[in-house]
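Bear in mind that the values in this text are calculations on the coordinates, not laboratory data. Given the structure is predicted, the values throughout are model-derived calculations rather than measurements. Methodologically, a virtual Cβ is constructed for each residue, glycine included, from the backbone with ideal geometry; neighbour enumeration extends over all protein chains shown.
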Amino acid sequence: MSALSESLKRRLFYVIAHTCFALYRWFPVFGSLRASIAVIHRDGKILVIERNDKRGVSLPGGIAKWREGLSETLGREVTEETGMRVLQADLQMQYHSDADVPCDISVYRAEVVGELKQSWEGSPRWMTVEELEPRLIESQRPVLKLMRKVSG
């Protein structure tokens, strides 16, 4: 793809993300959404997404589709955002967040294979917990303790 079309996709993601978050905060018509995120660890670093919506970094993952299981959501979102495929995922914790939109979040420790690739949502990169902590989006801050333990 050309650099121009990639730039347009990133800008489009920025507009859509900010619009959807704002609207759902005001009108949470489906109540608390369900989401899955992955803690993927390698060589003392955690895989994160440098988000194209300028909100910081986040763990790979996202909102479940209607009738989609949480582990299915995890696999789909990790592949969409990183290009990698989940081999194994173990549920580590669950919590509720109202930081962005009302959401019940399931956190998995995951093993993945494949090569990293960018998506319209952002650029995947490996960071230490110390590097990512000040930039981690608010809704995922409850996972910091787990990330410290995993990256040990």
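Looking at region 42-118, the trypsin sites (Lys or Arg not before Pro) that sit in a DSSP loop and have at most 13 other Cβ atoms within 10 Å of their own Cβ are Lys54, Lys65, Arg67, Lys117. The ranking of Thr19, Thr73, Thr128 by Cβ neighbour count inside 10 Å, starting from the fewest, reads Thr19, Thr128, Thr73. Taking other C-beta atoms within 10 Å as the exposure proxy, Val48, Val112 rank Val112, Val48 from fewest upward. Electrostatic tally near Phe30: other residues with Cβ closer than 14 Å to its Cβ, Lys and Arg +1, Asp and Glu -1, net +2.
Net charge near Arg11: determine it from the other residues with C-beta under 11 Å of the C-beta of Arg11, scoring Lys and Arg +1 and Asp and Glu -1. Net of charged neighbours comes to +1. Placing unit charges on the Cβ atoms only, positive for Lys and Arg and negative for Asp and Glu, gives the chain a dipole magnitude near 120 debye about its Cα centre.
Take every pair of alpha-carbon atoms less than 8 Å apart whose residues are at least six positions apart; their mean separation over the length of the chain yields a relative contact order of 29 percent.
Summing charges over all other residues whose Cβ lies under 15 Å from the Cβ of Glu121, with Lys and Arg as +1 and Asp and Glu as -1, gives +2. The lysine pair tally for the chain, using Cα distances under 25 Å and a gap of 8 or more places or different chains, is 11.
With springs connecting C-alpha atoms under 10 Å apart, model the chain as a Gaussian network and identify which of Glu80, Glu72, Glu111 has the largest mean-square fluctuation. With Cα springs under 10 Å in the chain, the top fluctuation among Glu80, Glu72, Glu111 is at Glu72.
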